[in-house]
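First comes the structure, then the notes that go with it.
What follows draws every value from the coordinates through simple rules; no lab data is involved. All values derive from a computational prediction rather than experimental measurement. We place every Cβ from the backbone using ideal geometry, glycine too, and count neighbours over all the protein chains shown.
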Amino acid sequence: MQKEINKTIEVLKKGGIILYPTDTIWGIGCDATNKDAVSRIYEIKKRVENKTLISLVCNTIMIDKFTDSKQLKLSVPKKPTTVIYQNVSGLARNLIASDNTAAFRITDDKFCQALIDSFGSPLTSTSANISGEANPKQFSEISEEIKNNVDYIVNLRHDELMTTPSTILMINEDGSITKMR
């Protein structure tokens, strides 16, 4: 696994796009602070930029770097959960919605945790499909168009079935929580 982490970090540091297994699905990702790399993901997916992407982090400390530290922080749930935070800064501008919110998920995947921790920055994560098409449930279902447009494909878990979407919660300005999905 360390060999894959090292190769992946090399690509990410150069502004590259990766295809990688996460705790929910196969994802397309990049350095969440690199605006040009994020733009490439939108192009690869043929997705409009006003439909924002999530960022994977390895712990709450990383969320604190990009959000208002006075906000409520949720404990790490057992099921993959994406949380939309208010007053976000420091991410690539095209990852922050027009209302100044952004979505983060603390990944529970060992590879993703080690990768993000070693890289030191959040990674974008979006399903490995063209926008509007079905999410691939395993690596073999990812289109050649997606595979051919990324800079690196992580060589792990190609035979694993992945079907668990994350729950999505929003922390509102008043501190209340709204379940979005």
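Percent relative contact order of the chain, based on C-alpha pairs within less than 8 angstrom and at least six residues apart?
Values: 361 pairs, mean separation 58.5, N = 181.
RCO, the chain: 32 percent.
Name the residues whose placed amide hydrogens come within less than 5 Å of the amide hydrogen of ASN34, ignoring near sequence neighbours (fewer than 5 apart) on the same chain.
The answer is ALA92.
Helix 110-119: angle to the longest alpha-carbon principal axis of the chain, degrees 0 to 90, nearest 10?
On a 0 to 90 degree scale, this one is about 80.
Among LEU19, LEU156, which comes first, then next, by fewest other beta-carbon atoms within 10 Å? Don't jump to the answer; show the numbers that get you there.
Working: LEU19 20, LEU156 16.
Lowest count first: LEU156, LEU19.
Looking at the chain, send over the antiparallel percent of its DSSP beta bridges, to the nearest 5. Let's see the in-between values first.
On the way: 17 of 27 bridges.
So the antiparallel bridges amount to about 65 percent of the total.
What full-extension length gain, to one decimal in nm, is calculated for GLU133 and GLU43 as 0.36 nm per residue of separation minus the Cα-Cα distance? Intermediate values should be presented prior to the final figure.
On the way: separation 90, 0.36 × 90 = 32.40 nm, distance 1.48 nm.
Taking GLU133 through GLU43 to full extension adds about 30.9 nm, to one decimal.
Could you list which residues have their amide H under 5 Å from that of ASP23, counting only those 5 or more apart in sequence or on another chain, with H placed in the peptide plane?
Amide H neighbours of ASP23: ASP108, ASP109.
Based only on the alpha carbon positions, what is the Kirkwood hydrodynamic radius of the chain, in angstrom?
Details: mean 1/r = 0.0615 Å⁻¹.
This gives a value of 16.3 Å.
Taking the Cα atoms of the stretch 138-181, what is the range of coordinates along each of the three principal axes, in descending order and whole Å?
Projected onto its principal axes, the Cα set of the stretch 138-181 covers 44, 22, 16 Å.
Fewest first, what order do MET180, MET162, MET170 take by the number of other Cβ atoms within 10 Å? Can you show the working numbers first?
Values: MET180 12, MET162 20, MET170 16.
Ranked by crowding around the Cβ, least crowded first: MET180, MET170, MET162.
Tell me, in nm to one decimal, what length is gained between SER176 and ILE61 on full extension, where the rule is 0.36 nm per residue of separation less the Cα-Cα distance? Intermediate values should be presented prior to the final figure.
On the way: separation 115, 0.36 × 115 = 41.40 nm, distance 2.11 nm.
Value of the extension gain: 39.3 nm.
Order of THR24, THR81 from fewest to most other C-beta atoms within 10 Å? Please list the in-between numbers first.
Working: THR24 23, THR81 17.
Final ranking by Cβ density, sparse to dense: THR81, THR24.
Along the Cα→Cβ direction, 7 angstrom out, place labels at ASP68 and SER143. What is the inter-label distance in nm?
Simple spin-label model gives 3.9 nm for this pair.
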